[in-house]
Amino acid sequence: MAGDVLHDARRDFDPATARAAELLQMELDRFETLLADLLEISRFDARAAVLETDDVNLVDVAHRVVDTTRALAEQRDVLLEVQAPDHPCLAEADVRRVERIVRNLVTNAIDHARPDGDRTSTALVVIRVASDDQAAAIAVRDYGVGLAPGESAMVFNRFWRADPARARTSGGTGLGLSISMEDTHLHGGWLQAWGRLGEGSQFRLTLPRRVNGPLRQSPLPLVPEDAPEPVR
C-alpha cells in the first residue's frame with residue numbers, strides 16, 4: 001500500500017525520487033507475481049489443485065493469448081501468427097489453466113525469438129492449432145536462439161534458465177514452465193519441447209479430448225516441419 005501511494009504521487013517528486021518510486025513499484029509487482037507462482041506450486045505439491053472443466057476451443061484460446069501478448073510482441077518487434085483450421089479444436093479442459101499454459105509458451109517464445117542484440121528484422125512466432133479424434137494440440141514455434149542438446153528435458157525444471165545472464169523482457173519468475181507442466185499433468189496431457197541452437201524451438205501442448213482420456217499421439221509434430229536437417 002505504501003508503494004502504491006508513492007507511485008501515485010511520483011509526479012510531485014524530484015526526478016531521482018520519482019524514478020525510485022517507479023522502480024519500487026516494478027519490483028513489488030515482480031514480487032507479487034513470484035508469490036502467486038509459489039502459492040500455485042504449493043497447491044500442486046499438496047495435491048490441492050483442481051480442474052474446472054468445460055469444452056474448450058483451442059483455436060479461440062490461441063487468438064485470445066495473441067491479443068493479450070501483442071503489446072509485448074510489438075515492443076520486441078516480433079510478429080505473432082496463428083495457423084489454425086476453420087473448425088473448432090475442442091478438448092475438455094480448465095480454460096484458465098490452458099490459457100495460462102499457452103500464454104507462458106508465447107511470452108517465452110517472444111523473449112527468445114531472436115538472438116540478443118539482433119534487431120535487423122522482424123522476428124516471427126507461429127502458433128499452430130490442430131485436433132483429431134483423440135486429442136487437440138497447440139504448438140508455439142520461434143526461430144531464435146534455440147535449445148542446446150539436453151535442454152529440452154531441463155527447461156521445465158523450477159527456476160531453470162538456459163542463460164542466466166539473458167534479460168527477461170516479460171518479467172518471468174522462472175516458474176512459468178514448471179507450472180505449465182503441472183497444469184498439463186492435471187489434464188492428463190503432454191507438454192514437450194524441441195529446439196536446436198541457432199534454429200529456434202517449438203513447445204507443444206497436447207490435451208486428450210476428455211480429461212485423463214487415452215493419449216497415444218498428437219495431431220501436431222513435435223519437430224517442426226520447417227526444421228533444417230541436423231548436420232552429421
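The values are calculated or read from the model by the stated rules, or taken from the named source; none is laboratory data. Values in this document were obtained by computation on a predicted structure and should not be read as measured data. Backbone-built Cβ (ideal geometry, glycine too); neighbour counts: all protein chains shown.
List of remarks:
- Residue match in the range 78-89 (condition: surrounded by fewer than 20 Cβ atoms within 10 Å (Cβ to Cβ), assigned to a helix (DSSP H, G or I), out of contact with any Phe, Trp or Tyr (no Cβ under 8 Å at 6 or more places or on another chain) and modelled with pLDDT of 90 or more): no
- For the range 33-64, the set of residues classified as free of Cβ contacts under 8 Å to residues at least 40 places away in the same chain, of a type outside the set (D, E, K, R) and closer than 24 Å to Ala139 by Cα consists of Asn57, His63, listed by residue number.
- In this structure, Ala73 qualifies as in contact with a helix residue (DSSP H, G or I) (Cβ under 7 Å, 6 or more places away or on another chain) and small (Gly, Ala, Ser).
- Considering each residue of the range 142-150 in turn, none proves to be within 14 Å of the chain's Cα centre (by Cα), over 19 Å from Gly200 (Cβ atoms) and modelled with pLDDT of 85 or more.
- Test: residue in the range 6-20 that is of a type in the set (Lys, Arg), surrounded by 15 or more Cβ atoms within 10 Å (Cβ to Cβ) and in a helix (DSSP H, G or I): yes
- Qualifying positions in the range 163-210 - in a loop (DSSP other than H, G, I, E, B), at pLDDT below 90 and touching a Ser or Thr at 6+ places or on another chain (Cβ under 8 Å): Ser170, Gly171, Gly172, Thr173
- Filtered residues of the range 23-60 (kept if modelled with pLDDT of 80 or more and assigned to a helix (DSSP H, G or I)): Leu23, Leu24, Leu58, Val59, Asp60
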